[in-house]
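A quick write-up on the structure given underneath.
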Amino acid sequence: MKRVLFYLFYDEQGQVDDYVTHKLKSLKDSIDTIFVVSNSALTVESRKKLEDVVDVVYVRENIGFDVWGYKEAMETFGLDKLEEYDELILMNYTFFGPIFPFSETFEKMDAMECDFWGITAHKAMVPNPFTGRDELPLHLNSHWIAVRKKMFTSPEFKQYWREMPMINSYVDSILQHESRFTKHFSDCGFSFEVTFPVEDYPTEYSAFQSIELMFENRSPILKRRPFFHDPIFLEQNAMTLKGVMKKIEEDSDYDTSLIWKNVVRSTQPRTLHTNMDLLEVLPGEDFEELNSKPRRIAVLAHLYYDDMLEEAMSYITNIPYAYDLYITTSDEQKKKNIELALLKYNVNKFEVRVTEENRGRDMGSLFMTLRDVLLSDKYDYLCRVHSKKSPQNGHNMALLFKQHMFDNLLHSPGYVKRVIGLFEKNESLGMVFPPVVHIAYPTLGHAWFENRKPATEWAKKLGITTAFDDSTPVAPYGTMFWFRPEAIKKISTYPFKWSDFDPEPNHMDGGLAHVLERLLGYSVMSDGYHMRCVINTYQASINYTKLEYKLQRLGSMLPNGNIQYQIQWLDKARDICNRVDHYSSANNTYVPPAEWLDQARELHEKLVTFLPGGTFREKMGALDQARLLNDKLNSFMGDSDVLTRLRWVDRAKLSVQRRVLNRLVSLFRGK
């Protein structure tokens, strides 16, 4: 069967990742002509990559979304020329593959008598989730639709595309094409088939929600969307990508590095971290390695507090391999103390350096004093630690934070072996660090603090393009981590000056040291690597227990336990509180978060009860009218208290009522 493929591509940065060219190369065994239509400009390198694989590369302005991309591509190719082919395929960039050979799919579908077919389909739904009414019909997913000659040469097919309205949104694309195409042509008398029929799967959208089941049936595609979709949706639908990746690695020949290279460039770190479950809980027991090989490892330690050397070394010596040790400190006397104390340790090689200036604390010493080590090619893996006392936080908080970092990076020899094993098993893994510290620290949901704006400015200077997280960056808080030196090139190659860092003791939030702490993870992903968090079993039991308590406490203060509803409810409550705060801004008092939530809930319930209107929008309209009335009262009453205003309103109401009554009496008397 002679086939022509129209492949729709889009990338905001104009970059064609290797998963695209790998897929297109794999299709060439079954496709005679490949026409790539790009709805985005392409880099010179990316265009060359495509031209080396396909027959035509056509770049157009991003108008009309994917639908008009296909329409214009077919028109450009020539409708008359299409008649030379037996099958026309419309395909896009929104999936990875082939997880299993494409040839299996083509062989299966060649044996089926039909006018058009798709690799997957979406079940019918009532109501249509995009309109809130009627039905979303069963339809072939638009990422792969094949049309045979009888249909694509028909008047109905040509009319469908000729009369296609302009597509102005994603929803337009769904309603005007993807969900319409199958029913429209089926109603025209054309028959269709699905490679992986919907009745074989228990979910509405099998390609998205039943991935592992589809792999059991050797589906060749893996959608990109689960990697960057809303984590709340995946959680509510009990979806996890960890098992998906494991199944690919165990059952398929597909190179998963093709997936990593794309998703780290195109996904927010927090979303990717959550959807792929990138927290590793590692045991500490030692074990015998079957294939022991030499590892090039160095520890980079900053010891401003030289009296912490013994404690730091009690963790560092858990590294079961030969390692070099580089230590930075703030003055010559501390250097001598450290060098003398190190003589009793069995370190492969050590070197103690004094920082040129006491600025930027551990970040300044890492990227200035140890810059040559970072940029050398002497080491495969580096471990960054430092003496951390945090006296400003009090003894308990400071101790917990320090243990959280050291214990989850260097817990025991067996633990360190497993950490290094993560790097060796995953070539795209660039950095490993403990999960965000949350016990006694106000980090969850607020970890940008005052650093987002300066981080945005520094990201531009450093060439970091990874999309920022909304609230809690995936970052090595406390700046201790394992990493590949090439994974932070965006930062390590930058020509920092000591004056870029805050001088002591002005180590301020928003300063470069705190900014780099949060940019490290974004740098890793911009350099094409991913990151993971690691925690030992003991720390995991403590962290999970505290986290569960905090979440259930917050949940108990909300109307029900559904997280999506809770988020929507809190959004509304915040909107109400912001408006009320605007109305009563004179009351400038601090309200603790727990009290704020209680007040928000109480206020929300009262507003729902007392305000007219059925919808939230109508109630907000009533509240806005109340504000206008309040503003008018202000103009009449000045700074009078609430009771005075209420008495005034009552008197005004009585006066109006009296005037209305007198008017009625006069009318009746006149009659």
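Where a number appears in this text, it was derived from the coordinates with a stated rule and is not lab data. Here the structure is a predicted model, which means the values were calculated and not measured. Using ideal geometry, Cβ is built from the backbone for each residue, glycine included, and neighbour counts are taken over all protein chains shown.
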Taking the dipole of the chain about the Cα centre (Lys, Arg +1; Asp, Glu -1; charges at Cβ), the one of ASN92, PRO559, ILE259 that reaches farthest to the positive side is PRO559
I want the local charge near PHE102. Using Cβ-Cβ distances under 15 Å, sum +1 for each Lys or Arg and -1 for each Asp or Glu among the other residues. -1
Tell me the label-point distance for the pair ARG371, ILE232, using the 7 Å Cα-to-Cβ offset, in nm and rounded to one decimal. 4.5 nm
Compare the peptides 276-288, 490-502, 295-307, 325-337 by average per-residue count of other Cβ atoms within 10 angstrom and give them in order, highest first. 295-307, 325-337, 490-502, 276-288
Extension gain from SER471 to ASP32, taking 0.36 nm per residue of separation minus the Cα-Cα distance: 153.2 nm
Any idea how far apart ARG295 and ALA322 come out in nm if each label point goes 7 Å out from Cα toward Cβ? 1.5 nm
By the scheme Lys and Arg +1, Asp and Glu -1, what is the net charge of all other residues having a beta-carbon under 11 Å from that of ASP255? -3
Return a whole-number percent for the relative contact order of the range 332-422, with Cα pairs under 8 Å and 6 or more residues apart as the contact set. 15 percent
Of all lysine pairs in the range 138-293 that are eight or more residues apart or on different chains, those with Cα atoms under 21 Å apart total 12
The FRET efficiency for THR545 and ASP134, from their Cβ-Cβ distance with R0 = 60 Å and rounded to 0.05, is 0.80
Toy charge model, Lys and Arg Cβ at +1, Asp and Glu Cβ at -1: the chain dipole around Cα centroid in debye, rounded to 20, equals 2900 debye
Less than 14 Å Cβ to Cβ from VAL56, Lys/Arg counted +1 and Asp/Glu -1: what total charge do the surrounding residues give? -2
The range 72-154: which GluC sites (Glu not before Pro) are DSSP loop and have at most 11 other beta-carbon atoms within 10 angstrom? GLU83, GLU113
Efficiency of FRET from Cβ geometry, LEU444 and LYS158, R₀ 51 Å, rounded to 0.05: 0.35
Taking the beta-carbon count within 10 Å as an exposure proxy, list ARG353, ARG224, ARG384 from fewest neighbours to most. ARG353, ARG224, ARG384
How high is the relative contact order of the range 395-468, in percent, with contacts defined as C-alpha pairs under 8 Å that are six or more residues apart? 25 percent
R0 of 25 Å, Cβ-Cβ distance HIS184-ASP86: FRET efficiency to nearest 0.05: 0.65
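Return a whole-number percent for the relative contact order of the range 280-546, with Cα pairs under 8 Å and 6 or more residues apart as the contact set.
Over the range 280-546, the number comes to 27 percent.
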If the chain between ASN578 and VAL126 were fully stretched, how many nm would it gain, using 0.36 nm times the residue separation less the Cα-Cα distance? 159.1 nm
Provide the packing ranking of 522-528, 202-208, i.e. peptides ordered by the mean count of other C-beta atoms within 10 Å per residue, highest first. 522-528, 202-208
Gain upon complete extension [LEU213, LEU570; 0.36 nm per residue less C-alpha separation]: 124.9 nm
